[in-house]
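This report refers to the structure that appears directly beneath it.
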Amino acid sequence: MGKTVLLLSAHRAITQKPIGQWACIFNNAAIAAASALERVERVAIIDWDVHHGNGTQKIFSEDDRVLYCSIHQRDIFPYTGWVDEVGSGTGKGFTINAPLHAKFTVADYRFVFEEVFIPALERFRPDAVLISAGQDALSDDPKSDMLLFP
């Protein structure tokens with residue numbers, strides 16, 4: 001794999017307007033991925049947060065040059081990111097969602113990375129990996145029901 005960049009998450013912003021209860025204006029991962037695609041062939045985005053990155057997924061859902069992997073809590077806003085959301089058109093199969101139950105742990109995270117995301121990354125062979133790092137997945141965050149620790 002090529003270079004890896006860590007970005008603060010703003011993954012709910014879409015191309016037409018900011019959305020959501022906690023509106024995101026600019027989608028950092030999408031901007032970085034689009035910029036990277038001017039220089040490389042394949043980009044992977046790994047998105048972790050309590051909320052699903054519906055904006056990032058929507059922007060790249062039809063693009064086979066971007067592998068989008070999201071791990072998030074299910075059954076909360078924005079109520080997207082189900083396992084059957086896999087992309088469409090030429091992007092079908094390039095979206096991987098791991099919606100986890102409330103109170104999921106580091107062991108659950110590790111399982112998803114080792115058994116799902118890492119094998120997908122090895123098959124995809126990205127030239128660049130972007131990490132969209134949500135900050136509300138920790139155990140003491142009032143917006144989440146997760147059991148993750150720094």
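Quick one: which residues, 5 or more positions from residue 45 or on another chain, have an amide H under 5 Å from its amide H? H modelled 1.01 Å from N in the peptide plane, none for Pro or chain starts.
When sequence neighbours closer than 5 places are left aside, the close amide H contacts are 67, 68, 69, 130.
For 68, 79, 109, what's the fewest-to-most ordering of other Cβ within 10 Å of each Cβ?
79, 109, 68
If each Cα of the range 60-116 is one equal point scatterer, what is log10 of I(q)/I(0) from the Debye formula at q = 0.13, 0.23, 0.28, 0.29 Å⁻¹?
Computed log10 I(q)/I(0) values: -0.35, -0.90, -1.09, -1.12.
Calculate one ³J(HN,Hα) per residue across the range 107-124 by plugging θ = phi - 60° into the Karplus curve 6.51 cos²θ - 1.76 cosθ + 1.60, and present them in order as whole Hz with x for glycine and proline.
Each residue's phi maps through the Karplus curve to give 4, 5, 4, 4, 4, 4, 5, 6, 9, 10, 5, 4, x, 5, 5, 5, 6, 6 Hz.
FYI, it's all coordinate maths here, none of it is from the lab. The structure displayed is predicted, hence computed values, not measured ones. No Cβ is skipped: glycine too gets one built from the backbone with ideal geometry, and neighbour counts run over all protein chains shown.
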